[in-house]
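Contents: one structure, followed by commentary.
The values are calculated or read from the model by the stated rules, or taken from the named source; none is laboratory data. Note that the coordinates shown come from a computational prediction; the quantities given were computed from them, not determined experimentally. For neighbour counting, all protein chains shown are included, and Cβ atoms are generated from backbone atoms with ideal geometry for every residue, glycine included. To get the accessible areas, we keep the full protein, side chains included, count just its heavy atoms, and leave off ligands, DNA and RNA. Shrake-Rupley method; radii C 1.70, N 1.55, O 1.52, S 1.80 Å.
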Amino acid sequence: IRSGQIELQRTQDQLTTGQQYLVPSENPAAALNTIVLQTRLERQQQFKANVQTDRSLLGATENALSSVSDVVNTAKSVILRGIGNTVSDSERSGLATEVSGLIDQVLNSANTKFRGRFLFAGTGTNSAPFELTGGGNVRYTGNSQQISSYVNDSQQVVNNLDGHSAFNVLTTVEGNDLNVALTTDTRLSQLHGGAG
């Protein structure tokens, strides 16, 4: 009778839970297979989450770079408006103010933050990678390292674009300041330190 009650209870537990075995010791081989399959399923779900996160990060990066491209095109048109003898000093001053605002827009786009991390900071994603210093210069405080995530057991994909790759910030500037007002009397030897 006791044995029948135990079997009846076991059958009722199986019906209630929908599981054939209630403890791993009832069938160790099946339990081991289940654990292996469950681990694989969890890993695949993590890979899927990684891919979705990577797509989001790269999409936000693309939007920020598109915004920078638009601002650069606007700046180009502002500069072209300022060329020539027909532009007065007050108009040039207004154009300079407009360019200053465009620089701020580029700086804001370069410091885009998405899901709690700065996109163009390399691996230093907790602090803004670009800052405006005295004299109108911009300093890059990020690094050129990449962040990767696994998309399957053996493949990693980079999910960030550092400031150097995006804006070429770690190169040295070569040349001289072109603070020259050209006139018809300007000699070629006066340009670029006499290099013509």
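Table for the structure above
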quantity: Residue of Asp54, Asp13, Asp185 that the Gaussian network model of the chain assigns the largest fluctuation, springs spanning Cα pairs under 10 Å; calculated: Asp185
quantity: Principal-axis tilt of helix 89-110 within the chain, Cα atoms, nearest 10 degrees; calculated: 20 degrees
quantity: In nm, spacing of pseudo-spin labels at Leu22 and Gln146 (7 Å Cα→C-beta vector); calculated: 5.3 nm
quantity: Point-to-point label distance, Ile83-Gln105, nm (Cα→Cβ direction, 7 Å offset); calculated: 2.0 nm
quantity: For the range 1-113: rounded, prolate or oblate by the Cα gyration tensor [a/c cutoff 1.5]; calculated: prolate
quantity: Residues Ile6 and Arg117, FRET efficiency given R0 of 45 Å [Cβ-Cβ distance, rounded to 0.05]; calculated: 0.20
quantity: Label-point separation, Ala30 to Ser90 (7 Å along Cα→Cβ), nm; calculated: 9.0 nm
quantity: Positive-pole candidate from Asn27, Ile83, Val138, dipole of the chain, charges at beta carbon; calculated: Asn27
quantity: Folded to 0 to 90 degrees: helix 2-17 orientation relative to the chain principal axis, Cα; calculated: 20 degrees
quantity: Hydrodynamic radius (Kirkwood) for the range 26-91, which is based on Cα pairs only, to one decimal in Å; calculated: 17.2 Å
quantity: Debye, to nearest 20: dipole size of the range 49-183, +1 on Lys, Arg Cβ, -1 on Asp, Glu Cβ; calculated: 220 debye
quantity: Residues of the range 37-131: accessible area per residue with a 1.4 Å probe, Å²; calculated: 63 Å²
quantity: For the range 89-141, alpha-carbon Rg and Dmax in angstrom; calculated: 13.9, 45
quantity: For the chain, built as a Gaussian network whose Cα springs stay under 10 Å, the top-fluctuating residue of Asn85, Asn50, Asn159; calculated: Asn85
quantity: About the Cα centre, charge dipole magnitude for the range 1-110 (Lys/Arg +1, Asp/Glu -1 at Cβ), debye; calculated: 380 debye
quantity: Helix 28-81 vs. the chain, principal-axis angle (Cα, 0 to 90°, nearest 10); calculated: 10 degrees
quantity: Per-q log10 I(q)/I(0), the chain, q = 0.08, 0.11, 0.13 Å⁻¹ (Debye; single scatterer per alpha-carbon; no solvent); calculated: -0.53, -0.75, -0.90
